Structure formats: structure tokens, C-alpha cells
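A.B. asks: If you scroll down you'll find the structure; I have some questions about it.
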């Protein structure tokens, strides 16, 4: 399983434009990525921060997301400053490179890969 979390600062005065843009992106992902397990967008109470969380059965699903939804990301850059991408699970070097490109396109942050150590899942797809 791969868990992806990115965190961004919402640019001043851009929340009203960002919210519908992200709703459109969620609808796009829902319509075009049948293998994604979940895709969720969260905003802080004060509207200054956005967190995007998605889960994938495997690295191939995250790679497909980057391929299919990737062209939808750049226009969102005018509304946010992407600060960090954390990936839980091992996505592979090529996918890490694509995530680093995403960070440089939408912000100035970092990509951190977290290796699974131990745990349990209920209802998860291997």
C-alpha cells in the first residue's frame, strides 16, 4: 500500500478560487482513476493550509495518478505553495523523481519517503 500526503500553503486571497479548482480535480480523479483507493482534500479552519491525502494499492496506481492527473496540477500552482510531499511505502526511483518535479513546479518543498516498518491493515488491498 502507498499513502501520499502533500501539504501546501494557500496563497493570500486565493482560497475562494482554490476550493472549486480542487473540487474539479477530485471529480477528475474519481472519473479517470478507478484503481485509486481514496483521494481527499482538507483545508485548515483558517483556510491558510491545504492537505491532500490519497491511498493506492501499489506504486503503479500512484504512477498512473501522476501520469493521468499530472497535467491538471500546474494551474493549481497560482493558488498554492507546495511545501512537502510525504510518501508512506516504497514508490521507486522514477516515481520519486516525478514527485520532485511536482514539488518544483508547485512550490519549493521536499519529498520524503517513509519505509514501512510494522503495522496491520483491515480491508486493505495488497
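The values are calculated or read from the model by the stated rules, or taken from the named source; none is laboratory data. Quick caveat, the model's predicted, so the values are computed rather than measured. Quick reminder, even Gly has a Cβ in these numbers, built from the backbone with ideal geometry, and neighbours come from all protein chains shown.
A.B. asks: For the stretch 1-42, name all the residues that are over 25 Å from residue 64 (Cα atoms) and touching a residue at least 12 places away in the same chain (Cβ under 8 Å). So that I can check it myself, show each step before the final result.
C.D. replies: Of the stretch 1-42, the ones over 25 Å from residue 64 (Cα atoms) are 9-17.
Those that are over 25 Å from residue 64 (Cα atoms) and touching a residue at least 12 places away in the same chain (Cβ under 8 Å): 9, 10, 11, 14, 15, 17.
A.B. asks: Sticking with this structure for a sec: Just one of (1) under 20 Å from residue 1 (Cβ atoms); (2) at pLDDT 95 or above trips up residue 124, so point out which.
C.D. replies: Result: residue 124 fails condition (2) only.
A.B. asks: Name the single residue, out of those in the stretch 1-13 being surrounded by 15 or more Cβ atoms within 10 Å (Cβ to Cβ) and in a loop (DSSP other than H, G, I, E, B), that is modelled with the highest pLDDT.
C.D. replies: Once the filter is applied, the top-ranked residue is 11.
A.B. asks: Checking residue 111 against (1) in contact with a strand residue (DSSP E or B) (Cβ under 9 Å, 6 or more places away or on another chain); (2) modelled with pLDDT under 95, only one condition comes out false. Which one?
C.D. replies: (2) is the only condition that residue 111 fails.
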